[in-house]
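First the structure, in the form of structure tokens, and then the observations on it.
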Amino acid sequence: MCGIAGYYSREGSEAVLQVRQALYSQQHRGQESCGIASSNGQNLRVQKAMGYVKEAFHEDILEKMPGFASIGHSRYPTRGTSEISNTQPYIIETLSGPIYAIASNGDIVNYDEVADELRIKGVHFSSKNDGELLGRFIVYYHERENMKITDAIKLLMSRIKGAYSAVFLTRENLYAFRDIYGFRPMMIGNYGRDIAIASESCALDILRVENLREVKPGEIIVVTPNNEFYLDYFNDPLIADQQKRSYKHCVFELVYFARPDSAQFNEYVYDVRNKIGAKLASYDDDIPVDVVIPVPDSANFIAQGYARERGIPYEMGLIRNHYVGRTFIKPNQSARDESVRQKFNPLKDFFKGKRIVLIDDSIVRGTTIRKLVRMIKGAGATEVHLRIGSPPVTYSCYYGIDTPTRGELIANRMTIPEIEEYLCADSLKYLHEQDLRDCVKESDNFCYACFNGKYPIERSGDGGTSC
Ligand code: SF4
């Protein structure tokens, strides 16, 4: 995962301030590190830091990088080390100085193959990050093979397989492009004559952006001082043979990652989650319970849909410390264990003698939910029935939400009755894949590979460091 943003100002606003605001609104997409690059027409400047956007980018830092165009990135590490060298945006220097910057969200599946090809041509890499690969590919073909930048990006779409939603900055122009499957979201809109880009619509709502739409899979958008150009290569013969003529949006974005106030892939996120809750409720007609509670925050709307459908009270029995961050995003198991204890606390006396339906969006490793079931029972609940708003996660993701091995996935190691016992739940039910499909409008345009192993793109090599 990761959050990206771009802003091109023609109305006199400081682009870096807008990008910082957009990244701040998307902090949930990546909390490990962040970076912002800007152009004033002469120079590109970049600032990067570990940690949260709000702490990293005070006004005094941004004042040193004024400009009319800017891009930014907040990182969620799926692979690669937690260090500043893996933080984006990447600046690419030429003999003329630092004149290109790139930030991307996703995961390249043929990283090794493409990086080796570029190395043979004399290209050097300073990291194993996917964003750098995309940037160096474009710059090589633009600078050394005299291609227009848009042609280099089109060639990139034909050669580089995987998930990428990216913003690319030169001294004059801002580019935005998205892989032909559209795995990761990317939105564009305008504020007067300014152009804004972000991973999620909630970021652009906060910037008061209008005419909001998705950057289409296979589309390149070029923003110049006077105009915008929209190039749609989804059906281009150069890249058509590697695609299956349908998008493959990540359905997990709607289930878990995106903010509920975002619209993604032509769906309102909160709406999809409400529908998932109603589907789960339809499995449960006979279970007498007193109250429905969500694992906050991502399961809130699923629990709301469930409670409404069954006519059972919906309560917030677990209180989440919002300053701890997402446990799934923490880089290692000990950090995740510590976060769970710090992150959730049950309301005192709330659970005593109650039969609970506990709703979560998904179970990946099972660590968090196991602790929560024990915590709730320890607080006096007589029964805890678990309902999960997605099918069992049995395969790793290679398109931007990596779980390093299948062995870490609890549903790959255990049957549902075994998981139920391991979690100390009184019952456990997952959403069926067909019901998840029924909750989205264009179900064939989604990827469900982490549930069914049907990967839209085959993977080769060990890959680079995804964001
Ligand atoms: Fe999303 Fe799962 Fe597909 Fe990865 S494998 S893109 S998490 S649906």
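General remarks:
- Flag for Phe234 being under 28 Å from Ser362 (Cα atoms) and either away from the ligand (no atom under 16 Å from the Cβ) or surrounded by 15 or more Cβ atoms within 10 Å (Cβ to Cβ) (or both): no
- In summary, strands (runs of 3 or more DSSP E) completely within region 303-388 and bearing 3 or more residues that are modelled with pLDDT of 95 or more and among the hydrophobic types (A, V, I, L, M, F, W, C) occur at 355-360, 383-388.
- Hits in region 406-429 (condition: surrounded by fewer than 20 Cβ atoms within 10 Å (Cβ to Cβ) and either within 16 Å of the ligand (Cβ to nearest atom) or aliphatic (A, V, I, L, M) (or both)): Arg406, Glu408, Asn412, Met414, Ile416
- Considering residues of region 430-442 that are within 12 Å of the ligand (Cβ to nearest atom) and closer than 16 Å to Val269 by Cβ only, the residue surrounded by the fewest Cβ atoms within 10 Å (Cβ to Cβ): Val440
- Selection of region 120-148 for residues being aromatic (Phe, Trp, Tyr) and at pLDDT 95 or above yields Phe137, Tyr140, Tyr141.
- Among the residues of region 51-102, those that are surrounded by 15 or more Cβ atoms within 10 Å (Cβ to Cβ), within 23 Å of the chain's Cα centre (by Cα) and hydrophobic (A, V, I, L, M, F, W, C) comprise Val53, Ala56, Phe57, Ile71, Ile91, Ala101, Ile102.
- Residue list for region 188-208, filter: in a strand (DSSP E or B) and touching a residue at least 60 places away in the same chain (Cβ under 8 Å): Tyr191, Asp194, Ile195, Ala196, Ile197, Ala198
- Evaluation of Lys161 against (1) basic (Lys, Arg); (2) buried (at least 22 other Cβ atoms within 10 Å of the Cβ); (3) within 20 Å of Ala196 (Cα to Cα) (one fails), failing number: (3)
- Residues within region 417-462 that are in a helix (DSSP H, G or I) and of a type outside the set (A, V, I, L, M), tallied: 16
- Residue match in region 259-271 (condition: at pLDDT below 95, within 16 Å of the ligand (Cβ to nearest atom) and closer than 30 Å to Glu11 by Cα): yes
- The helices (runs of 4 or more DSSP H) located wholly in region 1-108 that include 3 or more residues which are in the same structural domain as Val222 (by TED's automatic domain parsing) and of a type in the set (S, T, N, Q) occupy 15-25.
- Qualifying positions in region 165-177 - closer than 13 Å to Val19 by Cα and in a loop (DSSP other than H, G, I, E, B): none
- Filter result for Ile180 (within 25 Å of the chain's Cα centre (by Cα), in the same structural domain as Ile71 (by TED's automatic domain parsing) and assigned to a helix (DSSP H, G or I)): no
- The single condition among (1) more than 16 Å from the ligand (Cβ to nearest atom); (2) surrounded by fewer than 23 Cβ atoms within 10 Å (Cβ to Cβ); (3) within 22 Å of the chain's Cα centre (by Cα) that Ile220 does not meet is (2).
- Verdict on Ala411 being part of a loop (DSSP other than H, G, I, E, B) and more than 22 Å from Gly30 (Cβ to Cβ): no
- Residue check, Ile153 within 20 Å of the chain's Cα centre (by Cα), under 16 Å from Gly106 (Cβ atoms), buried (at least 19 other Cβ atoms within 10 Å of the Cβ) and assigned by TED's automatic domain parsing to the domain that holds Val114: no
- Across region 393-405, a minimum of one residue is classified as surrounded by fewer than 16 Cβ atoms within 10 Å (Cβ to Cβ) and at pLDDT below 95.
The values are calculated or read from the model by the stated rules, or taken from the named source; none is laboratory data. Computed from a predicted model, the values in this text were never measured in an experiment. All Cβ positions, glycine included, derive from the backbone under ideal geometry; neighbour counts span all protein chains shown.
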